[in-house]
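Before any comments, here is the structure.
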Amino acid sequence: MLTRRDCLSYTATTCAVSALLPRLAAAQAGDVIKRAIPKTGEELPIIGLGSSATFSDLSSAGELDPLREVFQALLSAGGTVFDTAPSYGRGSAEEVAGQIVAGIDATETIFWATKVNVAFGRGGGGGSVDPAAARAQIDNSFELLRADPIDLIQVHNLGDMPTQFGILKELKEAGRVRYIGATTTSPRQYGALIEWMRNEPLDFIGIDYAVDNREAADEVFPVAMDQGIGVLVYVPLGRTRLFDRVGDREIPGFARELGAETWAQFFLKFAAAHPAVTTVTPATSQARHMLDNMGAAMGRLPDADEQRQMAEFIDALPGG
C-alpha cells in the first residue's frame, strides 16, 4: 500500500502515477463515478479540485508549473470540477487558474465553480454590500476565468444574500451563469442556509463535511435532497487534521474492500458516499495528491453500514 508519506520521497508525480495507472486507464474509459446535478440531470465526477488554501503560496508567487500539473492530473484522471473564489490564492487563484487552463486548452472542459462576496472585503459573512461592487467582482471573474457562461457562482459564506443572490438570479436568467447557490463552512450558519434552501431557487450549496465532521448530514443534507439542490463538499480531509489523526496507521481491511488504497481515498469515499453529495472538492497544489484523490472516484462507494463502520473507526482514534 502506498501512503502520501511514501510518495513524498519521490519526485514529480511518479509515485501516484505508478500506483494508479491501471485505474486511470479505467477512468479514461469513462468509469469515474459521477453524480447527477438534481435540477438538470447533468453528471459531474464525484471528485474535483478545490483551491481554498493550497493555491495561496504558489499562485501568488507565480509558480505555475506545479499548479499546471495539478490541472493536468485532474483532467487525465477524468475529473472536471474546479472550485475557487476571488479571495483564494491571496486574490490570484482565479487569474492563475484561468491562465493555466486556457494554456492547456481546457477552458470548456472544466466545470468552473466560483463565488461572490464583497461583504467585509474578503469573503466575510455579514453586512450589506454595494451591488455595484458585487457586480464588478463577478465581471472580473468572467474575465479572469475566461469563461462565459460560468458554470456555477455561489454567494460565499452567505454574504448579504438578498443583494448578492439577487444578482446571481439575474445573471442566471440572462444565461451568463448556469447554476447558482450559496456556501458556508460554519455550523452557526446552517440554520440560515437551510432557510435560503427552502425559500429560494438554489441549484447548489457548498458546505464542510468529513468523516469526523458529520453535522451537515444531519441538518443540511436532508433539505438538499428534499429541495433538489446539488452539494459541493469542502474540507473533506479536514485540511491536515485527519491525516494527523490517523498518523502511520494502516488502512483497515474493510476499507480496502471498497477500493480505498490510501487514507485520502478512505476519507474522500466517505464524503462522497452520502447520496446528497454531488462532488467533493479537496484542495491540493500537488499533482500526485490530485491523482491520489481521483482514486476515490473509482471502484465503488461505501453503503450506509460501511459508512457507519468508517465513522466509528475514526471516532475511536485519539485526538477527536
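The values are calculated or read from the model by the stated rules, or taken from the named source; none is laboratory data. Note that the coordinates shown come from a computational prediction; the quantities given were computed from them, not determined experimentally. Note that we place each Cβ from the backbone using ideal geometry, even for glycine, and neighbour counts take in every protein chain shown.
Could you run through the range 267-317 and say how many residues are in a loop (DSSP other than H, G, I, E, B) and either over 18 Å from D212 (Cα atoms) or free of Cβ contacts under 8 Å to residues at least 60 places away in the same chain (or both)? Number of matching residues: 12.
Taking first residues from the range 232-246 that are assigned to a loop (DSSP other than H, G, I, E, B) and partners that are surrounded by fewer than 22 Cβ atoms within 10 Å (Cβ to Cβ), the Cβ contacts under 6 Å between residues at least 6 apart in sequence or on separate chains come to V235/D208. Taken as a whole, the condition of being of a type outside the set (G, A, S) and part of a loop (DSSP other than H, G, I, E, B) applies to V118. The residues listed here are I180, I167; of these, the one that is part of a strand (DSSP E or B) and in contact (Cβ under 8 Å) with a residue 24 or more places away in the chain is I180. All of A133, A182, A147 fail the test of being more than 30 Å from D105 (Cα to Cα) and either surrounded by fewer than 23 Cβ atoms within 10 Å (Cβ to Cβ) or not aromatic (F, W, Y) (or both), apart from A133. Look at the range 55-70: where a residue is part of a helix (DSSP H, G or I) and a partner is modelled with pLDDT under 65 and not charged (D, E, K, R), sitting 6+ places away or on another chain with Cβ atoms under 6 Å, you get P66/L58; L67/L58. If you filter the range 154-180 down to residues that are under 20 Å from the mean Cα position of the chain (by Cα) and polar (S, T, N, Q), you find that the one that is nearest to Q137 (Cα to Cα) is Q154.
Each row is one residue, and each column tells you yes or no for (1) at pLDDT 90 or above; (2) of a type in the set (A, V, I, L, M, F, W, C).
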residue: C15; (1), (2): no, yes
residue: L20; (1), (2): no, yes
residue: A27; (1), (2): no, yes
residue: E42; (1), (2): yes, no
residue: S52; (1), (2): no, no
residue: E63; (1), (2): no, no
residue: V101; (1), (2): yes, yes
residue: I110; (1), (2): yes, yes
residue: G126; (1), (2): no, no
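Close contacts from the range 127-144, counting a first residue that is touching a residue at least 40 places away in the same chain (Cβ under 8 Å) and a second that is crowded, with 21+ Cβ neighbours inside 10 Å and not aromatic (F, W, Y), with Cβ to Cβ under 6 Å and a gap of 6+ residues or different chains, come to Q137/P86; Q137/V116; Q137/V118; S141/E94; S141/T114; L144/E94; L144/G98.
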